[in-house]
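These notes are about the structure you will find just below.
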Amino acid sequence: MLTGISVAFMGGDARQLEVIQKFTELDATVTLIGFDNLGRQFSGVSNAKLDSVLLQTVDVLILPAVGTDDSGQVESIFSSEELRLTDVHISSLPKHAKVYTGMAKSYLKKLCAAHGIEVVELFDRDDVAIYNSIPTAEGALMMAIQNTDITIHGSVCMVLGFGRTGFTMAKTLQGLGATVKVGVRKPEHFARAWEMGFQPFYTKDLYPEVGNIDLLFNTIPTMIVTAQVITNIPHRALIIDLASKPGGTDFRFAERRGIKAMLAPGLPGIVAPKTAGRIMANTLSQLIEEDFRDRSDVE
């Protein structure tokens, strides 16, 4: 239970609604900031404007999947008003307070560090990333089906990266009957991919490996699908880049060469916001409950 814990939700999308519902069920004191256009009503929840006085009594500040942009703007699809988190707001938080978000950009990290406020990034956690890889893979499949004139079954697919998302993506494609080539950097990943029936190769050999593919799914957040690599990709191929912005593909050159390339970060919140919200809700509630239990034990 989260009885006695004051939680402020600032901005967000449909995923946040699942988190808010979970926190009200666990008896947290919940305040919503930037939800003035929300049609849905939550029992026992209050709405407020962003205010430094309000934040003085907050134990937990929950931000959207991407906490703020590089200027402190907080996205909220449920508000027409601008939300901007500033130094004044963070300095108002009690020293024991924590800020939770999916991922934090340098602006938010520096702001919180300056005032000794801990930032917890959910997407850094293996469990959250693994759970989120499922709707990511399903969303990538949806995009592939909508933008090609072939079946996944019988196609030659390439997955770059064999981390949490790459692993699930490759396994999903294999389950649909595709031939799956997996680009890796580590020998242990090469061995695991081979053991699972994929066709592994090292990413340093990417150029010759792309010559016969139909679909390429990239999960590596650095420039790997370069202009040189794209010159050897068949014109029929589709590139779906799942890495965080700006992705790992030279989109300008792909367009110039007539190859369709799509950047698709944040798919869980787009294709399955209810599932993605439940993942965040379960993890957040568990983390906060444990943290405040441990803190009360110390006190």
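List the pairs whose first member sits in the range 1-19 and is within 17 Å of ARG278 (Cα to Cα) and open to solvent by 10 Å² or more (accessible area, probe 1.4 Å), whose second member is part of a loop (DSSP other than H, G, I, E, B) and of a type outside the set (D, E, K, R), and whose Cβ atoms are under 6 Å apart, counting only residues at least 6 apart or on separate chains?
MET1/LEU26; ASP13/ILE77
Just to be sure I understand the filter: pairs with C-beta atoms under 7 Å, separated by 6 or more residues or on different chains, first member in the range 118-138 and under 15 Å from ILE288 (Cα atoms), second member assigned to a helix (DSSP H, G or I) and among the basic types (Lys, Arg). Which pairs pass?
VAL119/LYS109
Hey, among the residues in the range 119-154 that are charged (D, E, K, R) and in a loop (DSSP other than H, G, I, E, B), which one's most open to solvent (accessible area, probe 1.4 Å)?
Step by step, filter the range 119-154, then rank; the result is ASP149.
Residues that are small (Gly, Ala, Ser), assigned to a loop (DSSP other than H, G, I, E, B) and at pLDDT 95 or above: does the range 215-230 have at least one?
no
Can you pull out the residues in the range 231-277 that are in a helix (DSSP H, G or I), modelled with pLDDT of 95 or more and basic (Lys, Arg)?
ARG252, ARG256, ARG257
Restricting attention to the range 231-260, and to residues there that are open to solvent by 10 Å² or more (accessible area, probe 1.4 Å), within 22 Å of the chain's Cα centre (by Cα) and in contact (Cβ under 8 Å) with a residue 24 or more places away in the chain, which single residue is nearest to ILE150 (Cα to Cα)?
LEU242
Within the range 184-208, how many residues are under 21 Å from ALA237 (Cα atoms) and either in a loop (DSSP other than H, G, I, E, B) or touching a Gly at 6+ places or on another chain (Cβ under 7 Å) (or both)?
4
Every residue, every condition in (1) in contact with a Lys or Arg (Cβ under 8 Å, 6 or more places away or on another chain); (2) more than 24 Å from ALA272 (Cβ to Cβ); (3) among the polar types (S, T, N, Q), yes or no:
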site: SER79; (1), (2), (3): no, no, yes
site: LEU93; (1), (2), (3): no, yes, no
site: LEU108; (1), (2), (3): no, yes, no
site: ALA114; (1), (2), (3): no, yes, no
site: PHE123; (1), (2), (3): no, no, no
site: THR136; (1), (2), (3): no, no, yes
site: LEU141; (1), (2), (3): no, no, no
site: ILE145; (1), (2), (3): no, no, no
site: PHE167; (1), (2), (3): no, no, no
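Just to be sure, is SER71 surrounded by 14 or more Cβ atoms within 10 Å (Cβ to Cβ), among the small types (Gly, Ala, Ser), farther than 24 Å from PHE292 by Cα and in contact with a strand residue (DSSP E or B) (Cβ under 8 Å, 6 or more places away or on another chain)?
So SER71 fails the test.
The values are calculated or read from the model by the stated rules, or taken from the named source; none is laboratory data. In this text the structure is predicted, and so the values were computed from the model without any measurement. We place every Cβ from the backbone using ideal geometry, glycine too, and count neighbours over all the protein chains shown. Protein only, heavy atoms only, side chains kept; ligands, DNA and RNA dropped before computing areas. Shrake-Rupley method; radii C 1.70, N 1.55, O 1.52, S 1.80 Å.
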